[in-house]
Amino acid sequence: MIRAHIRINTPQEAVAFVQEMNTDGSVNKFVITDANGAYRANARSLLGVMYAMTDFNDEMYLVNETEDGKFPFAVDKYRV
């Protein structure tokens, strides 16, 4: 599984991230996981991203469960 290490610091960034994930145009399923992959949140959900922001701290990873390793270009600005 290929994952992208990301960081979202503010509620405004969370809103922008969710908007970009939802305008991606793909049907891929994206989740945000913690470092161990034990906890996960829907990357297209504002509530899910806010949860990940507060609980995962600097250990947030974006995973594409549909097409392993493929991420929208908009994700690059959130990469660590």
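The values are calculated or read from the model by the stated rules, or taken from the named source; none is laboratory data. This is a predicted model, so every value here is computed, not measured. Virtual Cβ from ideal backbone geometry, glycine too; neighbours counted across all protein chains shown.
A few comments on the model shown:
- Checked against (1) more than 19 Å from Lys77 (Cα to Cα); (2) at pLDDT 95 or above, Leu62 passes all but a single condition, namely (1).
- Evaluation of Thr33 against the conditions (1) more than 16 Å from Val80 (Cβ to Cβ); (2) in contact with a Lys or Arg (Cβ under 9 Å, 6 or more places away or on another chain) shows that the sole unmet condition is (1).
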